[in-house]
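S.K.: Provided herewith is a single structure, encoded as structure tokens, for subsequent inquiry.
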Amino acid sequence: MNDLDRIKKDFRYLLYIIWRHQGLKEPSWLQYDMAEFMQYGPNRSIVEAMRGAGKSWMACAFSCWWLLNNPNDQVLVVSASSGKASDFSHLIRRWIEVSPCLQHLIPKESDRNNINKFDVGCRTIPGASASVTSYGITGQITGGRANLIIPDDTETLDNAA
């Protein structure tokens, strides 16, 4: 089994590669446990852990892994603010650019390619929705399509009221 096959089969391996590529230590046992849950847990699930556990970074890495395995799918990221959502999609885009195992996902010149919406370059079926779209929780998400929806830090004092 080559590295790409291993990465596609086990999200934890991609997590390890991205962490090492970022100059971080190997993921902790908690992060590996969360990664396994993200990959094999129920379709509608929530990952909860203490502050600093790396949930947002792991969700970005999981989005990369999802698109690696499902390049025609759409990922929707919703955060408390549009700026936070943009940061999330920017990190996904950055990891696609700098990780050799993900570089075939870099958008082509003819693809959508901005901070809040971009397509992956190996997409074979053109879609009305971008491969990755990010919005703030109060943004216009009506009519959007997604196979994977990631709400990341969506609740704040302002929007909870």
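S.K.: Roughly how much of Asp33 is accessible, in Å² to the nearest 10, using a 1.4 Å probe?
M.R.: 90
S.K.: Å³ per residue of the Cα convex hull, for the chain?
M.R.: So the per-residue hull volume is 124 Å³.
S.K.: Work out the length of the dipole vector of region 15-143 about its Cα centre, built from +1 on the beta-carbon of each Lys and Arg and -1 on the beta-carbon of each Asp and Glu, and round it to the nearest 20 debye.
M.R.: 200
S.K.: Going through region 1-92, which trypsin sites (Lys or Arg not before Pro) have at most 13 other Cβ atoms within 10 Å and a DSSP loop state?
M.R.: The qualifying sites are Lys25, Arg44, Arg51.
S.K.: Step by step: find N for region 54-94, compute 2.2 N^0.38 Å, then divide the Cα radius of gyration by it. What's the final number?
M.R.: This ratio for region 54-94 stands at 1.12.
S.K.: List the extent of the Cα atoms of region 1-71 along each of their three principal axes, largest first, rounded to whole Å.
M.R.: Principal extents (Cα only, largest first): 35, 31, 18 Å.
S.K.: Take the alpha carbon atoms of region 81-142, find their radius of gyration, then divide it by 2.2 N^0.38 Å using N residues; give the quotient.
M.R.: That ratio works out to 1.13.
S.K.: Which residue, Pro100, Cys60, His21, has the largest displacement toward the positive end of the dipole of the chain when charges sit on each Cβ (Lys, Arg +1; Asp, Glu -1)?
M.R.: Positive-end residue among those listed: Pro100.
S.K.: Just the number please: accessible area per residue for region 1-146, 1.4 Å probe, all protein chains included, in Å².
M.R.: 56
S.K.: Between Arg94 and Lys117, with labels modelled 7 Å along Cα→Cβ, what's the label distance in nm to one decimal, could you check?
M.R.: Roughly 2.4 nm, to one decimal.
S.K.: Which order do you get for Leu30, Leu105 if you rank them by accessible area with a 1.4 Å probe, largest at the top?
M.R.: Greatest to least solvent exposure: Leu30, Leu105.
S.K.: Let me ask something additional. Of all accessible surface on region 13-161 at a 1.4 Å probe, what whole percent is carbon and sulfur?
M.R.: The nonpolar share, carbon plus sulfur, comes to 51 percent.
S.K.: I'd like the FRET efficiency for Ser28 and Ile106, computed as 1/(1 + (r/R0)^6) with the beta carbon distance as r and R0 of 22 Å, rounded to 0.05.
M.R.: 0.15
S.K.: Ignoring ligands, DNA and RNA, how do Glu109, Glu26 rank by accessible area with a 1.4 Å probe, largest first?
M.R.: Glu109, Glu26
S.K.: Can you tell me what share of the DSSP beta bridges in the chain is antiparallel? A percent to the nearest 5 is fine.
M.R.: 25
The values are calculated or read from the model by the stated rules, or taken from the named source; none is laboratory data. From a predicted model like this one, the values you see are computed outputs, not experimental measurements. Note that we place each Cβ from the backbone using ideal geometry, even for glycine, and neighbour counts take in every protein chain shown. Accessible surface areas use protein heavy atoms only, side chains included; no ligands, DNA or RNA. Shrake-Rupley method; radii C 1.70, N 1.55, O 1.52, S 1.80 Å.
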